[in-house]
Amino acid sequence: MIWSDITAAFRWWLVIMGIGAAAVPFGYWLFGRLPDKGYAFSKMLGLLIASYVFCLAASLGFLSNDMGGLIVGIIALVGLSVWAYRQTDRQLGRWLREHIGYVLTAEIGFALLFAVWVWVRANNPSITATEKPMEFAFLNSASRSPSYPPLDPWLSGFSISYYYFGYVMTSLIGRLAAVPEMIAFNLGIAWLVAGSGLGAFGLVYNLIAGLKESAGRLLSVPTSKLALTFALLAFVALPLAGNNQMLLEVLYGNGVGSEQFWSWLDVQDIDGAPLETPRYLSPNGEPTSGWWWWRSSRVIREYHLSGRWEQGLSPIAEFPGFSFILGDMHPHVLALPFAFLTLGLALSWYWHELEDAAEPDEEQGLFVTIRNLFGSIGTGRLLATAVLVGGLSFLNTWDVLIHLFIIGGAFALNRWRQVGEFNSQILGETIIVGLTLTVIGYVLYWPFYFGFSSQAGAPFILPMLMRPTRLAQYLVIFGMPLFAIVLLLGTLVATSSWRGWAAAVVMFLALPMGLFLLLLLWATGMAVVPAGTGAISGLLAELGIPMLPPGDSPFEWGMVAMRSLLPVIISTRLAYIWLTVFLAGILAAVVLLWQAQLTVAEDEDQAPRRQSVMTGTVPFVLLLIFTAALLTIGSEYVYLKDNFN
């Protein structure tokens with residue numbers, strides 16, 4: 001690493017620090033209910049706001065894609081923070097003095113992680129292989145296009161039809177730091193690693209610091225120290241932790257385990273008789289530069305209903321450590337720090353006081369109800385949330401609905417805790433909030449959607465007519481976090497009231513049955529239309545089920561085909577049912593705990609419930625667990641179709 005590269009990295013760090021410092025007052029206003037007042041998210045917050053103002057104004061023709069336009073974005077951020085500082089009665093300075101230890105810990109950790117990954121990228125700086133050339137072209141387009149939207153580097157005369165916001169952000173930092181694109185690419189990866197680590201640090205700190213002091217006393221440790229300890233662990237673990245395939249790789253490569261075990265586990269490249277020399281070592285014992293670690297992101301082997309292995313098709317389950325080592329600037333990597341930003345925002349929604357939220361009143365109209373609802377939330381909070389969540393759609397469109405669901409869930413849990421029961425009013429309010437954020441977010445990012453063409457294509461959602469994922473392979477991917485999740489849920493269920501058992505049983509039984517019916521509905525929809533009869537015919541032929549070719553009545557043929565397929569689908573689902581049972585059990589446990597701890601019986605005093613640990617951040621943690629389980633169980637039954645099918 002030469003001196004010019006070191007100074008480039010230092011300038012990059014200085015720009016990020018400056019943007020973060022400019023956003024601290026606005027973060028203090030927006031995240032005021034969090035223990036750290038949003039300090040850990042300030043860099044992501046500032047970068048998103050400055051980039052949004054610049055990109056929007058440039059796309060509408062008000063600004064040029066030059067240094068002047070970038071500075072306008074920074075000025076807008078500073079102006080917003082000045083306004084926020086005045087709204088908070090200038091309390092920020094006192095908070096910073098009282099929490100200087102937390103601030104220094106966050107900044108030192110960020111600087112160290114950034115420096116470490118600058119060194120990592122300096123040892124492998126080439127922008128070649130995989131999708132790096134495409135991403136480098138997008139970065140250059142974001143920097144060099146005379147106007148916005150950025151020009152498509154492949155199709156002359158057209159703008160980029162992709163979620164390119166992350167490349168705009170990287171370009172903004174690079175140009176403010178006077179760093180050329182070829183260096184900015186690798187410094188951008190280092191920023192994403194450090195920013196994601198800082199986001200994990202902030203989220204974990206706020207989750208644990210939000211617990212009651214009784215949680216800390218159980219371990220004879222003050223809650224603030226407990227929070228800082230686990231936050232630092234998250235800081236380090238996010239970029240380094242992988243999945244269990246890496247451990248299995250070591251065991252397999254050193255001759256541990258029988259051939260029968262590895263064949264049963266059935267993970268490609270580590271199946272059959274174990275090796276005497278690991279794949280990550282050469283025959284003479286030296287570390288190899290081969291791509292042996294690639295398998296950790298593609299653990300599952302995909303099988304057809306007939307039992308045939310679909311070679312070359314493995315569901316991709318990348319984890320942050322893999323993506324950071326790979327060094328690609330994919331949108332899902334560019335969005336990682338900002339995913340933590342919106343999770344922190346969701347936690348602030350969970351804690352936000354809603355004293356003015358209207359109680360049910362049959363005489364008041366819908367307009368008055370909505371006005372009171374928005375008044376309790378606050379117009380500024382609603383708009384800021386729409387900007388941040390809408391930014392995820394511009395960063396990595398696949399993320400936005402997930403995080404919108406979490407914010408809606410946080411709002412619903414907040415109201416549930418306040419009212420003492422989950423009722424139709426809370427459900428209606430949550431739907432109104434979700435729809436409002438969706439509409440505002442779409443309007444705020446309209447220039448992006450206007451020129452965007454998604455890779456997802458009709459019919460968009462398809463039935464999962466393959467063999468379900470085995471529980472063993474699922475645990476290879478998610479075993480480490482699931483160990484903590486199962487331990488937490490088991491402890492809470494064992495010490496909690498079971499008065500919500502009926503709702504838990506309904507969740508355990510109804511959700512898998514509903515998803516299975518959805519699978520059958522979508523499969524039937526495929527079978528009865530000419531566009532889908534080919535796929536169903538091929539599946540029947542592979543299974544050896546005799547069927548006449550589709551005739552003049554596709555609907556009748558499709559219904560007969562589905563009746564023929566149904567026994568095979570049911571028998572396969574039952575043979576590989578354990579993952580569904582496991583995930584349905586997690587979802588049921590979450591519902592049981594919500595019902596037991598947030599719902600207050602008519603003859604019960606609310607005071608004891610409000611003194612429970614569950615009145616802290618645990619219900620929000622359960623929401624994150626619920627969302628993750630819902631996502632993974634859903635993909636076992638239906639999936640989203642894109643250009644790669």
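Some notes on this structure:
- The residue of segment 291-305 that is nearest to Met466 (Cα to Cα), among those that are of a type in the set (D, E, K, R) and without any contact (Cβ under 8 Å) to a residue 60 or more places away in the chain, is Arg298.
- So Val506, is it open to solvent by 30 Å² or more (accessible area, probe 1.4 Å), more than 30 Å from Asn244 (Cβ to Cβ), β-branched (Val, Ile, Thr) and within 31 Å of the chain's Cα centre (by Cα): yes
- Residue check, Ala178 among the hydrophobic types (A, V, I, L, M, F, W, C), over 30 Å from Gly380 (Cβ atoms) and assigned to a loop (DSSP other than H, G, I, E, B): yes
- Counted residues, segment 259-277 - those being over 20 Å from Ala241 (Cβ atoms) and in a loop (DSSP other than H, G, I, E, B): 10
- The single condition among (1) assigned to a helix (DSSP H, G or I); (2) among the aliphatic types (A, V, I, L, M); (3) in contact (Cβ under 8 Å) with a residue 40 or more places away in the chain that Ala21 does not satisfy is (3).
- Note on segment 58-73: among residues that are free of Cβ contacts under 8 Å to residues at least 40 places away in the same chain and out of contact with any helix residue (DSSP H, G or I) (no Cβ under 8 Å at 6 or more places or on another chain), the one that is least open to solvent (accessible area, probe 1.4 Å) is Gly68.
- Filter pass, Glu421 being acidic (Asp, Glu) and surrounded by fewer than 20 Cβ atoms within 10 Å (Cβ to Cβ): yes
- Any hit, segment 188-201, residues being outside any helix (DSSP H, G or I) and open to solvent by less than 40 Å² (accessible area, probe 1.4 Å): no
Yes/no per residue for (1) on the phi < 0 side of the Ramachandran plot; (2) aliphatic (A, V, I, L, M); (3) open to solvent by less than 60 Å² (accessible area, probe 1.4 Å); (4) in contact with a helix residue (DSSP H, G or I) (Cβ under 6 Å, 6 or more places away or on another chain):
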position	(1), (2), (3), (4)
Ile75	yes, yes, no, no
Ser81	yes, no, yes, yes
Arg97	yes, no, no, no
Leu104	yes, yes, no, no
Ala115	yes, yes, yes, no
Asn123	yes, no, no, no
Thr128	yes, no, no, no
Asn140	yes, no, yes, yes
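- The listed residue being out of contact with any Asp or Glu (no Cβ under 7 Å at 6 or more places or on another chain) and over 14 Å from Gln597 (Cβ atoms), out of Ala504, Ala472: Ala472
Residues checked against (1) open to solvent by less than 50 Å² (accessible area, probe 1.4 Å); (2) not in a loop (DSSP other than H, G, I, E, B):
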site	(1), (2)
Leu520	yes, yes
Ala523	yes, yes
Ala531	no, yes
Gly538	yes, yes
Pro549	no, no
Glu556	no, yes
Leu565	yes, yes
Arg573	yes, yes
Leu579	yes, yes
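- The residues on offer are Glu249, Glu259, Glu302, Glu213, and the sole one that is charged (D, E, K, R), open to solvent by 60 Å² or more (accessible area, probe 1.4 Å) and at pLDDT 85 or above is Glu259.
- The set of residues in segment 306-333 being without any contact (Cβ under 8 Å) to a residue 40 or more places away in the chain and either farther than 18 Å from Trp293 by Cα or part of a strand (DSSP E or B) (or both) consists of Trp309, Gln311.
- Helices (runs of 4 or more DSSP H) enclosed by segment 399-451 - at least 2 residues per element that are in contact (Cβ under 8 Å) with a residue 24 or more places away in the chain, of a type in the set (Gly, Ala, Ser) and touching a Phe, Trp or Tyr at 6+ places or on another chain (Cβ under 9 Å): 400-419
- Single condition Ser147 does not satisfy, out of (1) in a helix (DSSP H, G or I); (2) among the small types (Gly, Ala, Ser); (3) open to solvent by 40 Å² or more (accessible area, probe 1.4 Å): (1)
- Failed condition for Lys37, given (1) over 24 Å from the mean Cα position of the chain (by Cα); (2) open to solvent by 40 Å² or more (accessible area, probe 1.4 Å); (3) farther than 23 Å from Thr170 by Cβ: (1)
- Selection count where residues are charged (D, E, K, R) and open to solvent by less than 50 Å² (accessible area, probe 1.4 Å), scope segment 272-299: 2
The values are calculated or read from the model by the stated rules, or taken from the named source; none is laboratory data. These numbers were taken from a predicted model, which means no experiment stands behind them. Quick reminder, even Gly has a Cβ in these numbers, built from the backbone with ideal geometry, and neighbours come from all protein chains shown. These area figures cover heavy atoms from the full protein model, side chains too; ligands, DNA and RNA do not enter into them. Shrake-Rupley method; radii C 1.70, N 1.55, O 1.52, S 1.80 Å.
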